């Protein structure tokens with residue numbers, strides 16, 4: 001039987017892998033392979049991660065996740081990061097929190113903020129539209145019933161939250177017992193630091209510092 005700490009570690013790795021897959025689906029430098037690979041990895045995570053983290057060890061599901069991790073590993077680009085990983089790395093460093101757990105909190109908060117941003121006509125630029133389209137394909141590939149791309153992102157955020165609950169990861173930064181006043185005071189500095197850590201790539205949306213501040217507040 002898998003020990004609790006092993007299940008938690010696997011869950012964290014799975015949500016970290018999910019965040020990388022979300023980033024890869026918009027990577028135009030992946031020479032046409034990124035989109036399809038990202039969709040395949042996302043399918044594997046939603047299908048196999050709950051079983052791999054269950055009380056009874058599912059070795060086939062765990063092996064499937066390992067293969068997905070190996071496949072996507074060569075496409076992970078450093079030192080530039082995308083939105084989710086830059087915010088996660090910043091929060092983790094500021095409060096000494098687990099990177100994988102923070103990823104699980106930031107990812108749906110980021111998706112919901114993207115929906116709000118693109119619902120406002122004055123914020124709907126080409127990079128945001130392209131990002132929404134990429135994420136909407138991920139929602140459809142895992143079988144979500146959606147009416148349009150924005151609905152797809154909103155339901156994808158809910159699906160990530162459900163997956164997070166299934167594998168026992170925290171829902172918010174508050175669950176780490178971080179003092180709210182200390183966190184809110186740190187938000188402006190963290191937002192600037194995270195913004196500087198986000199890589200600039202063709203066709204990728206680059207949020208403002210204010211956008212990042214809001215995602216950080218939503219994550220609490």
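The values are calculated or read from the model by the stated rules, or taken from the named source; none is laboratory data. Treat the numbers as computed from the prediction; the structure is a model and nothing was measured. Don't worry about glycine lacking a Cβ; one is built from the backbone with ideal geometry, like all the others, and counts go over all protein chains shown.
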Matching helices (runs of 4 or more DSSP H) fully within the stretch 70-143 where at least 1 residues are surrounded by fewer than 17 Cβ atoms within 10 Å (Cβ to Cβ) and at pLDDT 90 or above
83-95, 126-141
Just to be sure I understand the filter: pairs with C-beta atoms under 9 Å, separated by 6 or more residues or on different chains, first member in the stretch 68-79 and under 17 Å from residue 26 (Cβ atoms), second member buried (at least 16 other Cβ atoms within 10 Å of the Cβ) and modelled with pLDDT under 65. Which pairs pass?
75/27; 75/30; 75/34; 77/27; 77/201
Run residue 181 past the list (1) in a helix (DSSP H, G or I); (2) modelled with pLDDT of 90 or more; (3) surrounded by 13 or more Cβ atoms within 10 Å (Cβ to Cβ) and report the number of the one that doesn't hold.
(3)
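Here is a list: 165, 186, 174, 157. Which entry is surrounded by 17 or more Cβ atoms within 10 Å (Cβ to Cβ), under 17 Å from residue 103 (Cα atoms), out of contact with any strand residue (DSSP E or B) (no Cβ under 7 Å at 6 or more places or on another chain) and at pLDDT 90 or above?
Details: 165 fails: surrounded by 17 or more Cβ atoms within 10 Å (Cβ to Cβ); 186 fails: under 17 Å from residue 103 (Cα atoms); 174 fails: surrounded by 17 or more Cβ atoms within 10 Å (Cβ to Cβ).
The conditions single out 157.
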